[in-house]
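Below you'll find the structure, written out as structure tokens, and then a few comments.
The values are calculated or read from the model by the stated rules, or taken from the named source; none is laboratory data. What you see is a predicted model; the values in this text were computed from it and never measured. FYI the Cβ positions are ideal-geometry reconstructions off the backbone, even for glycines, and counts take in every protein chain you see. Note: areas computed on protein heavy atoms with side chains; ligands, DNA, RNA excluded. Shrake-Rupley method; radii C 1.70, N 1.55, O 1.52, S 1.80 Å.
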Amino acid sequence: MPDTTPADSSPRTRSFRLGVAGPVGTGKSSLIALLCRELSGELAMGVITNDIYTDEDAQFLRSAGVLDVERIRAVETGACPHTAIRDDVTPNLLAVEDIERDFAPLDLVLVESGGDNLTATFSPALVDAQIFVLDVAGGGDVARKGGPGIARADLLIVNKTDLAPHVEVDVARMLDDATAARDGGPVLGLSKHDQPSIDALVGWVREMTRTVLAGGHTPVDPGPMAPHSHVGEDGTVLTHVHTHEGDHDHSHAR
Ligand SMILES: Nc1nc2c(ncn2[C@@H]2O[C@H](COP(=O)(O)OP(=O)(O)OP(=O)(O)O)[C@@H](O)[C@H]2O)c(=O)[nH]1
Ligand SMILES: [Mg+2]
């Protein structure tokens, strides 16, 4: 009997992989919870979280009840959370591929970075696009100070706009500064208490998912991290210089 199966009938295995990065506590997990709540009825979704030593982000998302708990998985990254999303993406790639295989076909997999400093960005080898999250409590100047995520992520979120009056930040000005720092790239003010702002975020993600799944998007590398230092597991100061993809120098000083 002739095989009448159309050539393109095999199930799609590759999802739109969307990274969510930003400094500690800016609201990445909360944003992912909002996206799951708003979009899981229309898109097949999965979530990968990255935490340094725990699976707290995954636990938070599971307890939020916005997505089947099986679809939320944690990668423990160890002492350098940015390395796992930038230089050694293997554990994350395996986690993404596993979840895509287990729930095929998924439309959208969200990957949360471990909360890190201002310069942490995802490798385009791991995600198709990335959102960078700032919050107003970090101060009105932070958007102007820039960094690769702020300047070149696919979308910049200025989060927790409801807190602006309490921290004396002018949101309109912060959004203008951010737009200038991004040469006009998209910037969105967001609050989990403000539904119109949530609708705008959801609209961006929905449109991006459509474009990526249709093959109409080329991932852009926001650029490597700037040199930076932080304290390692044993109290040692680690200084990192990321020059090229995969080229990750540690110098150790006390
Ligand atoms: N007022 C206000 N608080 C928010 C908003 N979004 C998140 N938060 C709060 O900010 C705190 C940190 O939120 P998370 O979503 O855990 O932030 P995160 O970036 O995932 O944190 P790490 O993963 O630890 O880096 C929590 O107490 C949230 O409830 C918001 O829009 N408004
Ligand atoms: Mg989190």
Item to check | Neighbour net charge for E38 - beta-carbon separation under 13 angstrom, K R +1, D E -1 | outcome: +1
Next on the checklist: Give me the dipole magnitude in Debye, nearest 20, for region 143-185 about the Cα centre, with unit charges on the beta carbon: positive for Lys and Arg, negative for Asp and Glu.
Outcome noted: 160 debye
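Could you order K28, K192, K160 so the one with the most accessible surface comes first? Probe is 1.4 Å.
Largest accessible area first, the list is K192, K160, K28.
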Checklist entry - Per q in 0.14, 0.19, 0.24 1/Å, what log10 I(q)/I(0) does a Debye calculation on the alpha-carbon atoms of region 14-121 return? => result -0.47, -0.90, -1.42
Item to check | Potential extension, K192-Y53 segment - 0.36 nm per residue separation minus Cα distance | outcome: 47.3 nm
Checklist outcome for this item: Extension length gain for V220 and E168 (0.36 nm per residue less Cα distance), in nm, is 15.3 nm
Next on the checklist: What is the sum of charges, Lys and Arg at +1 and Asp and Glu at -1, for the other residues whose Cβ falls under 10 Å from the Cβ of P219?
Outcome noted: -2
Item to check | Two-site label geometry, D102 and D68: point separation in nm, points 7 Å out along Cα→Cβ | outcome: 1.0 nm
Next on the checklist: Under the rule of at least 5 residues apart or a separate chain, name every residue whose amide H is placed under 5 Å from the amide H of A44.
Outcome noted: D107, L108
Checklist entry - What does the accessible area of H193 come to, in Å² to the nearest 10, when a probe of 1.4 Å is used? => result 130 Å²
Checklist outcome for this item: Probe 1.4 Å, heavy atoms of protein chains only: per residue, the accessible area of region 16-223 in Å² is 39 Å²
Next on the checklist: Show me, bin by bin at 10 Å from 0, the whole-percent P(r) of region 16-223 based on Cα pairs.
Outcome noted: 9, 38, 39, 13, 1
Item to check | Total charge dipole magnitude, region 16-223, about the Cα centre, Cβ charges on Lys, Arg, Asp, Glu only, Debye to nearest 20 | outcome: 280 debye
